[in-house]
Every structure is written in C-alpha cells, then in structure tokens.
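Chemist: One structure follows; several queries about it will come next.
None of the figures in this text is laboratory data; all of them are computed from the coordinates on show. Fair warning: this is a prediction, and the values are worked out from it, not measured in the lab. Here the Cβ positions follow ideal geometry from the backbone for every residue, glycine too, while neighbour counts run over all protein chains shown.
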Amino acid sequence: MKKNNWSFKSNITWFITLCFFVNVFIIGIRKTIENNYLIDEGVETNAVVTDVRKVGSKGKVKCTYTFEIKGSSYTGSVDDDYYMIGDTIKILYSKKDPKINRDKKFLDRWN
C-alpha cells in the first residue's frame, strides 16, 4: 500500500507557514507592549546621537544613540532624519532592562 506523500508535504508546508505568521504576530505584539510600558513606566534620560546613516534604497535614515545608566552603556536607534551626530535627545528606557528603550519623540507620535 502506497502512502500519500502529498498530504505529508502539504501538512509540513502549512505548519511552516503557520509558524512564520505566528512569529511575525508575536514580534509585532511585543513591540506594542514595550511601547505602552515605556509610555507608562519608562524612565526619561538623555542620550547622544552617535551615528546617522541612510539605509535601504528609499533613503530611510537610521539614527543610533548611546546613553549610560549606572556605569553601563546602552544603545538604541530611531528611524528619522531630524537628528545629527552629537545631538542630545530625550529617550525613555525600562528600569528593569535598559536595553528596551525608545526615542521620546517617537513614543509621543506613536501614542
């Protein structure tokens, strides 16, 4: 008796597709949760823009900033073209995990 390989391949394809979309959904939800947490509970501090560069073919500008908390240095980034290297900007960071941080202007516009 022959096994039906098509249904096995089809099931694997559907499983992989489902995993992909669940992953994309979870990543999107996580960023939204982080943004809401930072708006409500984030600690405000200053950061210095350390790099500004165009990324991609559409001219999108990515600004990288650095800030220090209790002697440790952290970085973050924002996709916007209104900052220049050396600018001091306001950011919000998570007291529990400063690696989670956002530009305050971004959160003001997002909210």
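Chemist: Taking the structure as given and computing volume of the Cα convex hull per residue in Å³, which label from (i) 164; (ii) 206; (iii) 195 fits?
Modeler: Label (i) holds the value from this structure.
Chemist: Taking Cα atoms, how many degrees apart are the long axis of helix 5-41 and the longest axis of the chain, rounded to 10 and kept between 0 and 90?
Modeler: 20
Chemist: With +1 on each Lys and Arg Cβ and -1 on each Asp and Glu Cβ, how big is the dipole of segment 1-87 about its Cα centre, in debye rounded to the nearest 20?
Modeler: Here segment 1-87 has a charge dipole of around 1020 debye.
Chemist: Give me the Kirkwood hydrodynamic radius of segment 54-111, using the inverse of the mean 1/r over all pairs of distinct Cα atoms, in Å to one decimal.
Modeler: One decimal place: 12.4 Å for the Kirkwood radius.
Chemist: At q = 0.15, 0.21, 0.22, 0.26 Å⁻¹, what log₁₀ I(q)/I(0) does a Debye calculation on the Cα points of segment 7-54 give, no solvent, two decimals?
Modeler: -0.68, -0.84, -0.86, -0.92
Chemist: Name the trypsin sites (Lys or Arg not before Pro) in segment 42-111 that are in a loop by DSSP and that have at most 12 other C-beta atoms within 10 Å, would you?
Modeler: For trypsin sites (Lys or Arg not before Pro) across segment 42-111 that sit outside H, G, I, E and B with at most 12 neighbouring Cβ atoms in 10 Å, the list reads Lys58, Lys70, Lys95, Lys96, Lys99.
Chemist: Exceeding 20 Å between C-alpha atoms, which entries from my cross-link table qualify? They are Lys70/Lys96; Lys62/Lys95; Lys62/Lys99; Lys31/Lys54.
Modeler: Pairs exceeding the cut-off: Lys62/Lys95; Lys31/Lys54.
Chemist: Taking the simple approach of a point 7 Å from Cα along Cα-to-Cβ for both Asn111 and Ser72, what is their distance in nm?
Modeler: The answer from the label model is 2.5 nm.
Chemist: Based only on other Cβ atoms within 10 Å, what is the fewest-to-most ordering of Leu107, Leu18?
Modeler: Lowest count first: Leu18, Leu107.
Chemist: Treat the count of other C-beta atoms within 10 Å as a stand-in for reagent exposure and order Trp14, Trp110 from fewest to most.
Modeler: Trp14, Trp110
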